[in-house]
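Every number here is computed from the coordinates shown, using simple stated rules; none is lab data. No experiment lies behind these values; they were computed from the predicted model shown. Backbone-built Cβ (ideal geometry, glycine too); neighbour counts: all protein chains shown.
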Amino acid sequence: MSIYTRGGDRGRTRLVGGVRDKDDIRIEAYGTLDEANAFVGDAISRLDPIRDRDLAAHLLEIQQELFDCGADLAALPGKRPYKVHAEMTDRLEPLIDSYLAEALPVQRFIIPGGHPAAAALHVCRVLVRRAERRVVTLSHREEINPEVLRYLNRLSDFFFAAARAINARTGTGDIEYVRSPIVFRNSGGHNPSNPKLNPPDDPGGNA
């Protein structure tokens, strides 16, 4: 079976229910998800197969779910039932809490990096954020499955928590943004790691 069809040689591609230019925002949205998914595979390859087998299993499931997200975006509204549902997002929340519980205390924002696996997970985080922005743009123009947006918003938090857990497990430690003031004062020294808590003079957090 050949992998090339020549059907896209003129910059058009087929969706479920139609044809679009390859730079269409719907194509850009699910293409960015594909990009993120490739980097999840790279992150898995950097994990220790024994120490991090729990995280590897979750990441493999996330790869399946990113394909579900892409499938929902690759179908025009009403052409087939959506695959992404609320339970997928809800499943991520206790995992986020669990991985953050492994993280060492910090007082400032985190610079992406540390152990190679943690750095790879941070790349996954920012790519999912980019995909989320593309999906938001698409949602302003066309109908989408709103659960895809909710899932992506939580998934970037998952990658942040997982990266911090890997740095803790390996004894590498997180890299703090040293030019930041102390912004996590009320955490009791435990898990002050939420990137949403950005003060007015530090616009670097995420919602």
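Sequence-distant or interchain residues sharing an amide H contact under 5 Å with ILE111, placed H: which?
ILE175, GLU176, TYR177
Could you give the size of the charge dipole of the range 25-176 about its Cα centre, using +1 on the Cβ of each K and R and -1 on the Cβ of each D and E, expressed in debye and rounded to the nearest 20? Please report the intermediate quantities before stating the final value.
Numbers: 19 positive and 23 negative charges, 65 e Å.
Computed about the Cα centre, the dipole is about 300 debye.
Averaged across orientations, what area in nm² does the convex hull of the alpha carbons in the range 25-176 project?
Working: hull surface 34.0 nm².
That works out to 8.5 nm², a quarter of the Cα hull's surface.
Could you give the distance between the Cα centres of the range 132-181 and the range 30-88, to the whole Å?
14 Å
Mind checking the full-extension length gain between ILE111 and GLN63? Use 0.36 nm per residue of separation minus the Cα-Cα distance, one decimal, nm.
Taking ILE111 through GLN63 to full extension adds about 14.8 nm, to one decimal.
Subtract the Cα-Cα distance of ASP34 and ARG80 from 0.36 nm times their separation in residues, and report this length gain in nm to one decimal.
Details: separation 46, 0.36 × 46 = 16.56 nm, distance 2.03 nm.
Using 0.36 nm per residue and subtracting the Cα-Cα distance, I get 14.5 nm.
Using the per-residue mean of other Cβ atoms lying within 10 Å as a proxy for protection, in what order, highest first, do the peptides 112-122, 91-101, 31-41 fall? Write out the running numbers ahead of the final one.
Details: 112-122: 21.5, 91-101: 15.8, 31-41: 19.0.
Ranked from most to least packed, the peptides come out as 112-122, 31-41, 91-101.
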